[in-house]
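What follows is a short report on a single structure.
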Amino acid sequence: MRGCLRIILAVFFTAVTACEEEQETVPAAVPIEAEDTVFVSIPGGSFVNSRGETVEIQPFHLQKSEVNNRLYRYLADQSGLPHPADPGFPGMDEYFYEFPDYPVVNISPGKAEAAAFSMGARLPTRDEWEYAASLGLAGNIAGQYPWGELSPAEVPGVPANYMALNDWEQRDLDGFIYTAPCGSYPLSNAGLLDLAGNAAEMVFCTADTAVYLMGGSWAQVEEAMTLGFTRQIGYGDISWYSGFRMAK
């Protein structure tokens, strides 16, 4: 009996030791930069949203850029949130740790909301996001891009990180196969960066309390970047193409 007990204990401690050896070392955090937490003042006003509703928007502040990996790690570590799973982009191993300037992905709306709350912020509403993206546009905003009516192919240069030519195999024509560093495409009249493409952004809809993705992403066709195009996401869902920016 004692012999059996010794064998069982030996197997147990061997398994524990093996598990300890398999634990990965998490790279040290990179200090956040001043640009990571810049917010743009959005004046209040009335506008007709992409659904044809006239909405009054109160003045608010919207983050200049999408939340990058560096900022999210800081917020997550401060509030005890887990780090996101690696999206598995080929050639971008350890995406969350090794690409601090790139938008955080693979986080749920619930985790995004908690991270924003830790610094006194929140997720923007659907109408706030559309209002900010539509500043400077004329006429019906539905179907327009944050830079106007021209499609990406008609705009000089490359206006956003998206599935170029609506072709998965040619999506790197904008210079990036997957996500791009936050702030790569400053095309908003309100001074906001990457409102179209890169990481689709989570917003709350006050009408039905659902969470939607706005602005399209690196993995979507150009239509997804137009105002009015949305995709609903569950409060606990994650994806490798969605992220967020904060509002106050």
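Key figures for this structure:
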quantity	calculated
Test result for Val26, within 30 Å of Leu192 (Cβ to Cβ), modelled with pLDDT of 50 or more and either in contact with a helix residue (DSSP H, G or I) (Cβ under 9 Å, 6 or more places away or on another chain) or in a loop (DSSP other than H, G, I, E, B) (or both)	no
Single unsatisfied condition, Glu130 versus (1) of a type in the set (Asp, Glu); (2) surrounded by fewer than 18 Cβ atoms within 10 Å (Cβ to Cβ); (3) within 21 Å of Phe229 (Cα to Cα)	(2)
Count of region 88-110 residues which are charged (D, E, K, R) and either in contact with a Ser or Thr (Cβ under 8 Å, 6 or more places away or on another chain) or free of Cβ contacts under 8 Å to residues at least 60 places away in the same chain (or both)	1
Residues that are in a strand (DSSP E or B) and over 12 Å from Trp129 (Cβ atoms), drawn from region 212-248	Arg231, Gln232, Ile233, Ser242, Gly243
Lone qualifier among Gly175, Gly234 - being loosely packed, with under 15 Cβ neighbours inside 10 Å, at pLDDT below 95 and out of contact with any Asp or Glu (no Cβ under 9 Å at 6 or more places or on another chain)	Gly175
Test: residue in region 207-220 that is closer than 18 Å to Ala121 by Cα and either among the hydrophobic types (A, V, I, L, M, F, W, C) or in contact with a Gly (Cβ under 7 Å, 6 or more places away or on another chain) (or both)	yes
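The values are calculated or read from the model by the stated rules, or taken from the named source; none is laboratory data. Quick caveat, the model's predicted, so the values are computed rather than measured. Here the Cβ is made from the backbone with ideal geometry for all residues, glycine too, and neighbour counts use every protein chain on show.
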